[in-house]
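In what follows, a structure is listed as structure tokens, so that the remarks can point back to it.
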Amino acid sequence: MNPDKTYVIVETEKQGYNASYNVNDVATDEIKFVAGAVNNIGLVVKNSKDKESPKINLTGSKKVTGENLEESKTFNFELRKQDGNKQATTDPIIANGEAIVSEKNNPAPIVFTDPNNNNAEITTKDQWTALLGEGSYYIVETNSEGYKVVYTIRGNSDESQGNSFDVPAQYNEDITINFTAENTKEDIFEFEAEKKLTGNVPLPNGGKEFEFEIQALDTNKPVAYGSVSVSAKDIKTKIRFTDTTPARNTITDWTKILADGKEYQLVETTTGYHVRYLDAKSKPINNTFTVNYGESEKMYFLVHNELDVGDLPSTGGSGIVKFMQLALVILLIGGLIGGYYWYRNKQVK
């Protein structure tokens, strides 16, 4: 070696490691030889593994409780980035999610896809790290269908954060986000019906009583009774419904009377005159309905009767009997009068 030159030590195969050098207790990679002297060179090479940049990972699961599933249900999700101070439907969608739940109380994994990358499935930390920059994010289930949804999101701490989480601008360790969406079908069903009379036939003194039944469509047997006293025309009067027990208790919880998923029909049992069943907007509808627990809107009927002078009652109603009785009386009176004049004319001749 030429003592007039300075040499540099270099590790030629790093294999993913960083090398640091120490020459005679000095942090350097340079070695210099002194001419005419004994050169004792102490060289130490230390290797350290390259430290990976911290990454983000997100996983999710879906669980259904409170209902025995007769068939698999598909639930859809959106991961959105919050733009303003509040969550809004206009916030950009970062990822879509889908879970297929086939058994109650058994969590199903949520599969995430990237809507901005041909719906490619998101499976790695590198993908999530590229998608989730600094900002606030939240999970939304888009088809809860009468289910109450409870979100549990946990980051690096055990503290639950509802349906949202934040990603900081800088982080020195991996961020792991796991969330669970748990759905419980709410046993809620509301039913209401009102009665309205129109027409030019006056009401009797004291008003008129009407009776109703809610019948199971498969058996036509009543599961509830209804009654109302109408004292004035052209106004809506609420129908009071009771159970079928001897006590006839007023119904306050319809889930104890009407089974989820079953079909029923509302029937007016005390009149046959032009009965029409209307919705809340007074549009004609069928008198049958299917019960779906958790519906946000109540099931509503307006039972409308219209009776004008000259109207004929519908077949099978109670009014047809009175009509036939009146017709028979008129025929008898006509027969008696006709017989009288026939007998009188015969006597004159």
*Is there a residue being part of a loop (DSSP other than H, G, I, E, B), in the same structural domain as V167 (by TED's automatic domain parsing), within 12 Å of T59 (Cβ to Cβ) and not polar (S, T, N, Q) anywhere in the range 113-126?*
yes
*asked:* Test of understanding: among K46, K63, which residue is of a type outside the set (A, V, I, L, M) and farther than 20 Å from P109 by Cα?
replied: K46
*Number of the condition not met by N220 [criteria: (1) at pLDDT 90 or above; (2) under 30 Å from the mean Cα position of the chain (by Cα)]*: (2)
*asked:* Within the range 146-154, does at least one residue satisfy the condition of being within 15 Å of N178 (Cα to Cα) and more than 18 Å from the chain's Cα centre (by Cα)?
replied: yes
_For the range 83-104, give me the residue count where each residue is in contact with a strand residue (DSSP E or B) (Cβ under 6 Å, 6 or more places away or on another chain), modelled with pLDDT under 95 and assigned to a loop (DSSP other than H, G, I, E, B)._
2
*Going by the conditions given, is S296 modelled with pLDDT under 90, outside the structural domain of E211 (by TED's automatic domain parsing), among the hydroxyl-bearing types (S, T, Y) and out of contact with any strand residue (DSSP E or B) (no Cβ under 7 Å at 6 or more places or on another chain)?*
no
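Residue by residue, here is whether (1) assigned to a loop (DSSP other than H, G, I, E, B); (2) without any contact (Cβ under 8 Å) to a residue 24 or more places away in the chain; (3) at positive phi holds:
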site	(1), (2), (3)
L203	yes, no, no
F210	no, no, no
I214	no, no, no
A224	no, no, no
S229	no, yes, no
L258	yes, no, no
*State which residue is modelled with the lowest pLDDT when the search covers only the range 152-184 and only residues that are part of a strand (DSSP E or B) and among the small types (G, A, S).*
S160
*For I257, indicate whether it is of a type in the set (A, V, I, L, M) and either in contact with a Cys (Cβ under 8 Å, 6 or more places away or on another chain) or surrounded by 15 or more Cβ atoms within 10 Å (Cβ to Cβ) (or both).*
yes
_Looking at E209, E182, E190 in this structure, which one is over 34 Å from the mean Cα position of the chain (by Cα) and either among the acidic types (D, E) or buried (at least 17 other Cβ atoms within 10 Å of the Cβ) (or both)?_
E209
*Can you name every residue in the range 7-58 that is polar (S, T, N, Q), in a strand (DSSP E or B) and modelled with pLDDT of 80 or more?*
S20, N22, N57
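The values are calculated or read from the model by the stated rules, or taken from the named source; none is laboratory data. In this text, all values refer to a predicted model and were calculated from it rather than measured experimentally. A quick note on method: Cβ atoms are made from the backbone with ideal geometry, for glycine too, and the neighbour counts reach across all protein chains shown.
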